[in-house]
Amino acid sequence: MSTFPTPPVRPRELFGWAMFDFANSSYTTVVVTVAFSVFFTTLVVPGGRGDWYWGVGLFASNGLTVLLSPVVGAIGDGAGRKKQLLFLTYAFCVGGTAALYFTGPGGVVLALALFVISNVAFSLGENLSSAFLPEISTPQNIGRISGLGWGLGYFGGLGSLLLIRPLLAGGFTADNLPALRRVWVLTALFFLVAALPTFLFLRERAPRGPRRSPLAYARLGFERLAETARSVGRFSQLARFLTVFFLFSCGLTSVIAFSGVYAANTIGFTGDELIFLFLVLQLAAAGGAFLFGVLEDRIGARRTIQVALVLWVTVCAGAYLAQTKAAFWGVAMAAGLGIGSLQSSSRAMVGLFSPVTKSGEFFGFWGLAGKGAYALGPLAFGAISGASGSQRVAILLTGLFFLAGLAGMWTIDETRGRAEAEAWNADRAKGAAA
């Protein structure tokens, strides 16, 4: 898919790229899903308002990501500095995560500020890393390569959970606060070390632009966005898919954000049981990413996403009905398969629809849609849970997002979307030759 005149992609570069998924999964697993979410809602926020403030934190961080993603991606493309920007987001996420050590009961403002900083940095880094996908893959293997990265990411989540599990044995209590504070430092160190192969092996293939001032870089980003706005008709399928992606991501992000809280508060999982649940979920999600990546290269991204969405509708109904831990385990296994498959296949579809010279920008729009959903979905879940007094009602209504996404996927023409990206690449190649 790449049009840049560079040596072929070697296995070590694929490994380096996939290792960023492995590394940053420690953040999303420990901070967003399993540990800090429960720590924040049960210990940091007083008065039973944890769900609401957690929804606010997610809304704020993902709202900022929505504003920044397309511009940062456009700057990376125009300046040929996606890798440098990726390193900058990595540094901020690692530093913000380590600083969570200083949070504790009653420190709502500090905890929210550090979470917002680290989550924005994580999200922008996820976009920039994914923007390399069109450069290191072909239409014939993009599903497997995306699945490789996403699947390896779940093993990163698994490794980080094993690392912190002894510190969570004392539960989310004030007496265990010293151990809980060390969880965030260990998570930051895991991310710091595991991402090093990315910066050692991953190539920056785009031509390097001249150095500019921060203001000039921002102007460059907005100029490229203006060009895209004028050419939006040439990418009709990508625009349509990102709209559908936003719909079903509202459901997916709600489940990810509140799964640990739901298992603990509604089903009654203890701290140690919660860790074991997510250890197994990482394996199920990795399997879903790998298997559905192979399936995608055979039946196409659209059909693969539709299968995953049917699975998610079933998961929401099952979570609503589950009354025991044993029943919830079955639902959780299905959810694990669904998380890995839906996220990996969605990323691959954006890669198929993205011209390589605009991959950073278009994956910025992917991030805009995904993080916009992360701003709205969990906020809606928290509001429904608070208004109804039932997380079961909230999870059931979350299934409507997946149903809307399933209906929307019937409007996507995968062949046309690929042709639109190839036509843009061909036009740019002719312009360069002239």
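The values are calculated or read from the model by the stated rules, or taken from the named source; none is laboratory data. Because the structure is predicted, anything quoted here is derived from the model rather than measured. Positions of Cβ are backbone-derived with ideal geometry, glycine not excepted, and every protein chain shown enters the neighbour counts. Keep in mind that these areas ignore ligands, DNA and RNA; they rest on the heavy atoms of the full protein, side chains included. Shrake-Rupley method; radii C 1.70, N 1.55, O 1.52, S 1.80 Å.
Specify the angular offset, from 0 to 90 degrees and rounded to the nearest 10, of the alpha carbon long axis of helix 214-230 from the longest principal axis of the alpha carbons in the chain.
70
With a cut-off of 8 Å between alpha carbons and a minimum separation of six or more residues, what is the relative contact order of the chain in percent?
Reported as a whole number, the value is 29 percent.
Have a look at A286, A327, A35 and tell me which one the Gaussian network model of the chain (Cα, springs below 10 Å) gives the largest fluctuation.
Checking each option, the largest mean-square fluctuation is seen for A327.
Counting heavy atoms of the protein chains only and a 1.4 Å probe, report the per residue accessible area for the chain as a whole number of Å².
37
So if I restrict to the alpha-carbon atoms in region 288-428, what is the Rg, and what is Dmax, the biggest pairwise distance, in Å?
17.2, 58
Before rounding to the nearest 500, sum -39500 (n - 2.57) across all DSSP H runs of length at least 4 in the chain and divide by the residue total; then give [θ] at 222 nm in deg cm²/dmol.
-26500 deg cm²/dmol
Is there a quick way to get the dipole size of the chain? I mean about its Cα centre, with the Cβ of Lys and Arg at +1 and of Asp and Glu at -1; what is the value in debye to the nearest 20?
Value, rounded to 20: 820 debye.
Of all GluC sites (Glu not before Pro) in region 376-425, which ones are in loop regions per DSSP and have a Cβ with at most 12 other Cβ atoms within 10 Å?
Passing both the DSSP loop test and the Cβ count: no residue.
What aspartates and glutamates sit close enough to K371 to cross-link, taking a C-alpha to C-alpha distance under 19 Å and skipping anything fewer than 8 places away on the same chain?
Filter leaves D21, D51, E126, E361.
Which of these, N62, N265, N127, has the largest mean-square fluctuation under a Gaussian network model of the chain (Cα springs below 10 Å)?
N265
Answer with a single label: of (1) 21.5; (2) 22.7; (3) 27.5, which was calculated as Kirkwood radius over Cα pairs in Å from the structure in view?
Label (1) holds the value from this structure.
Could you state the angle between the C-alpha long axis of helix 325-353 and the longest principal axis of the C-alpha atoms of the chain, as a value from 0 to 90 degrees rounded to the nearest 10?
Relative to the chain, helix 325-353 is tipped by roughly 20 degrees.
Straight-line reach from K325: which aspartates and glutamates have a Cα under 13 Å away, not including same-chain ones fewer than 8 places off?
By straight Cα distance, K325 reaches E273.
Working from Cα positions, state the angle (0 to 90°, nearest 10) between the long axis of helix 142-168 and the longest principal axis of the chain.
Here the helix axis deviates by roughly 30 degrees.
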